[in-house]
Each structure stands twice: as structure tokens, then as C-alpha cells.
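Here the structure is laid out as C-alpha cells; the discussion comes afterwards.
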């Protein structure tokens, strides 16, 4: 489905709205209330569409209701048993925890929201952060090798964040042993057509990353390694952009390079991760790899919806309708 574009006047107004904790809480309330109303209002029509030509037992609960359940599950940090009770209180509908688990696990959503932004090309920061596995999965944290206890089993999330809105445009997961560059390569294929500037730390300081960016018409602003060596041509000039960065830092210092190329914007992804962990915590509920991927997909989808609402309180109806009903297929 093609995404729509916001007018420049609309987008300009959004970025000037203050983003704070109270507005984030208000966004959570709005998200839950609107999903509840939509699920109950369109219950019969959604079920009719979902069961049309379906083979086997028909669906009893529409997709919008399952989406509401997923939002409650992760935003309110509920168990499936508690979620069963919470849904009955909020909607008056009872559904078993086993069916909730199965339906949420199979819920399909896209996390790509580049379409709601005005700019066709964005400034994007990339970085990774770690999450703890569920307590029942502590075997992923503690491993015993040769009589030694090693704690290295955290789950790594690599994300690409639009530095203007802090929305997450792409995300891939791995474990503690997965190199950042390994997760970056498939992610780059998803974001390259919407990126004009790419900010990254030393983990991405490779000739391959620079080459990919230059070939895609992207300006890479990546911090060179402290021991990086500049390469020069026969005229004594830097051979490539990375060499130019290295020479500039040696002559003017890291701070001047950071100011010159706005490298400070990379730290905005840390703010996005902080908001994400404040919403969902630092622990992953799921144990199986496919379920972990699904959990992150749903959490990122919820996060993006909240960010959209948070930036657009003066135009909630338009913005919310666009994000949830136009771009994402409910």
C-alpha cells in the first residue's frame, strides 16, 4: 500500500511540539482507547472479511482486537493470564490465554513508517543496544565453558532511527556474539532508498560501509577509529571521504570534526533507545528465536505509533488515522 505525504505546514507544526513524559503517557491512553473503540465498532465487518474464503474453523476474534491485546500485553507488562482478565474488564469480551498467545504470535505488522514523514530522504542514525532474555531463559546469559562462567547471552537489537522524529525505521536482532556490521548489512538494504545522511559510531568504520553509502548517494558520517590511517593520492590529497575525515580530525581534533559534520545527531538514537526501554523494559518475554523477533516487531510498531501520536497531539485524528488505518493494514 502506498503511503501518503503530509503537507509541509503539517510536518513543520509537528516537530515544534514539545515531547515529554506526560505526552507519552497521553499517547498510550489514546492508542489503547482508539484501538478498543475500533475493535468493538468494526467487530462484525472485520470478522466477515477475515473469514471470507477461509478454510477450516472461522476466526472468532477480529485482528483489531488481537492488536489491542498485543498493545496491552507489552505496554502494561502483563502475563497472558492477566491479559485475559484485563481484556474482559476493558471490552467485556473473554478470550483464553492460549488463543491470545497463538494469535499475537502470528500477528503480522510492518514497522516501516518512512511514509508518514514529509522528506523523501532522511538523516538516519544506526546503533545497537542489548536486552536481557526472560528469566526463564537465563541459560542464554550464563554459559559454562571449561569450568568458567561467562555472562554474554544478551539479545542485541540493531535499529535505524530517524533523528528528526526518533521513529524506528528498521530493526534486526542477534545475540551477543553477532557483530554490529553483520546486522547492519541487511538493514542497509531496507533504509538506503530513504537515507541522505547516515550517522554511525566506530563499529561501522569500514571501507565496505563507506562504499555502500557512496554508491547509494548517502553521506556517511561515521567516527573513524583512533588508529585510522589516511590514504593519499599522488597529489597529496585524501583519496576518499574516510581519509578526509581522518586528516581533518588529526589537524583540528575530534570535537571540530563532530561540529563540522553534525555527528552529535548520532546520539539521538540513544534517546530513542531510552524511550523504548522506558516503555517496554530491558527484558524480553519470549524464549524462542522466532517469537523474540515477533516480540520486537510488535514493540517497535507500538513505539512508532506512540511517537506519531506524541508528535501530533494537535492533529491526533488525522495523524492517528494515517499511521494505523492507512499505512498499516489492520
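Any read-out appearing in this document is the output of simple, stated calculations on the displayed coordinates, not a laboratory observation. Here the structure is a predicted model, which is why all the values come from computation and not from measurement. Here the Cβ is made from the backbone with ideal geometry for all residues, glycine too, and neighbour counts use every protein chain on show.
Projected onto planes of every orientation and averaged, the convex hull of the alpha-carbon atoms in the range 244-305 covers 6.4 nm². When you work out D = kT/(6 pi eta Rh) for the range 116-269 at 10 °C and 1.306 mPa s, using the Kirkwood radius from C-alpha pairs as Rh and the Stokes-Einstein form, the result is 92 µm²/s. Label sites at residue 77 and residue 108, each approximated as a point 7 angstrom past Cα along Cα to Cβ, lie 3.3 nm apart. Within the range 116-269, antiparallel bridges make up roughly 70 percent of the DSSP beta bridges whose residues both belong there. Contact order, relative form, for the range 116-269: 21 percent (alpha carbon pairs under 8 Å, 6 or more residues apart, mean separation divided by residue count).
What's the extension gain from residue 232 to residue 44 if we count 0.36 nm per residue and subtract their Cα-Cα distance?
Values: separation 188, 0.36 × 188 = 67.68 nm, distance 6.86 nm.
Gain on stretching residue 232 to residue 44: 60.8 nm.
Cα centroids of the range 76-94 and the range 218-282: 47 Å apart.
Exposure proxy for 43, 257, 267, 301: other Cβ atoms within 10 Å of each Cβ, ordered fewest to most, give 267, 43, 257, 301. With N the number of residues in the range 40-82, Rg(Cα) / (2.2 N^0.38 Å) evaluates to 1.37.
On the basis of the beta-carbon distance and an R0 of 35 Å, residue 252 and residue 25 show a calculated FRET efficiency of 0.20.
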